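Nothing in this text is a laboratory measurement; each read-out follows from the coordinates by a stated rule. All values reported here derive from a predicted model rather than from experimental measurement. Virtual Cβ from ideal backbone geometry, glycine too; neighbours counted across all protein chains shown.
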Amino acid sequence: MNLSKSLYSGKDGWLHLQESIEKYSQSGIYIIVGENTLKYCLPVLLEKCPTLADAFIIKIPGGESNKTILSIERVWQKLTIGKALRSSLVICLGGGVITDIGGFAAATFKRGMDFIHIPTTVLAMVDAAIGGKTGINLDSVKNQVGVFAQPKSVFVFTEFLETLPERQMLSGYAEMLKHALTDSAEHFNDLLRLNSPLNACVETTILKSAAVKTKVVEIDPSEGGIRKVLNFGHTIGHAIEAFSQKNDADPLLHGEAVAIGLVCESYISAKMFGLGQNDLMKITAHVNLHFKHYPISPENIDDLLALMYHDKKNTDNNLLNFSLISSIGKPVWDQFPGEELIRSSLQYYLGV
Ligand SMILES: NC(=O)c1ccc[n+]([C@@H]2O[C@H](COP(=O)([O-])OP(=O)(O)OC[C@H]3O[C@@H](n4cnc5c(N)ncnc54)[C@H](O)[C@@H]3O)[C@@H](O)[C@H]2O)c1
Ligand SMILES: [Zn+2]
């Protein structure tokens, strides 16, 4: 699999998109959007590619709560109404919610049609649109149903980020931080040198981050081994995200929770593998500087552990499974730090 060859950006990207569209013009093109990408991104896309004026627009409600089978049915129904063929093309224009839903709907409609992703959030550009995981949530279980299906191409056009709220940019930046920490000290230091996460949300830096995911997925597309490095920060991050969704009126975004997970899991990495104290301090200070502190109380640590056990993806023979770093750029996976160390890592984040 050569995923890097199917990732396009900038001027060349627009040209390649135009060529791709022409190939499908006879069989029909279907663009899936959410409310925000309908409003902010579709006009930009149509201006750049006027030939898409005839495309059939499928609007679905955005937001994580709509990543359900109902949205998939809605897309399948609209594709049917629009007389989509197996040889038609689906374009997913949006953040990770739209690329996950649109990819799954396209990969299953008439047993699978071609689709491309045009991600419009930082998180989708560096992460969700890459790697071929598609799917939906079932009841409260995230990404419970889905298929691996690779988009024909992924297009990174950073002009779409002009309308993306800053908080969403920062959320995507947390994944860039994760990619850098698993990639190399140089990559991590390059991010720090930019001074601000917003300075990192530009084409070169985003492409460098996307390349980290691409490289890992090319080696291990079905997550049998090394792809697990991408879960660094996520065992604790997912628990904090779920905790916040249960308890807060304005819950943390995924990346905001992952940033905390990166601090805690770096602490565990230091204790288990000797990640340098200096590096741990750098990571902690950087997250604390750019992400709002999330005040969990020490009494909530039991709830967080329960959430980690509840997340089936984490458990291996009832032990919590972590992806960590033995030093910056040296990831390790299938690690079992044990409850005591996990508790200490949360206490470390809380400063107690
Ligand atoms: N498939 C994968 O490998 C993978 C990897 C990581 C995350 N994900 C999934 O991605 C989802 C999160 O993605 P996300 O963070 O992009 O969230 P999202 O898709 O919900 O987008 C965030 C918000 O930004 C809005 N938006 C998107 N683009 C915009 C733009 N250019 N201007 C203004 N507003 C815009 C959206 O409408 C939404 O309100 C989760 O469901 C997660 O499970 C999937
Ligand atoms: Zn993530």
Using label points projected 7 Å from each Cα along Cα→Cβ, tell me how many nm separate residue 167 and residue 290, to one decimal.
1.8 nm
For region 260-352, rounded, prolate or oblate, judged on the Cα gyration tensor with a ≥ b ≥ c (square roots of eigenvalues), a/c < 1.5 rounded, else prolate if a/b > b/c?
oblate
So what's the gap between the Cα centers of region 174-241 and region 294-335, to the nearest angstrom?
18 Å
Residue 184's amide H: which non-local residues (gap 5+, or another chain) put their own amide H closer than 5 Å, with H modeled 1.01 Å from N in plane and none for Pro or chain starts?
329
Take the chain, connect every pair of alpha-carbon atoms lying under 10 Å apart with a spring to form a Gaussian network, then pick out the residue of 224, 62, 82 with the largest mean-square fluctuation.
224
GNM result for the chain, Cα springs below 10 Å: residue of 195, 247, 321 fluctuating most strongly
247
Quick one: 24, 30, fewest Cβ neighbours within 10 Å first, how do they rank?
24, 30
Starting with the highest mean, order 253-262, 106-115 by the number of other Cβ atoms within 10 Å, averaged over the residues of each peptide.
253-262, 106-115
Cα centroid separation, region 130-161 to region 248-287 (Å)
25 Å
Out-of-range pairs (alpha-carbon distance over 24 Å; input 152/213; 292/330; 5/67; 5/110; 11/83; 213/246):
292/330; 5/67; 5/110; 11/83; 213/246
Convert each backbone phi in region 164-169 into a coupling constant with the Karplus relation 6.51 cos²θ - 1.76 cosθ + 1.60 (shift: θ = phi - 60°), then list the ³J(HN,Hα) values in order as whole Hz, x for Gly and Pro.
6, x, 4, 4, 5, 4
Most exposed to least, judged by fewest other Cβ atoms within 10 Å, 99, 80, 158, 235 sort to 80, 158, 235, 99
By the C-alpha gyration tensor axes a ≥ b ≥ c (rounded if a/c is under 1.5, else prolate when a/b exceeds b/c, else oblate), the shape of the chain is prolate
Can you tell me which of 117, 293, 238 moves the most in a GNM of the chain? Springs connect C-alpha atoms under 10 Å apart.
293
Quick check on the exposure proxy: order 336, 56 from fewest to most C-beta atoms within 10 angstrom.
336, 56
MRE, 222 nm, helices only [DSSP H, n ≥ 4, -39500 (n - 2.57), over the chain, to nearest 500]:
-15500 deg cm²/dmol
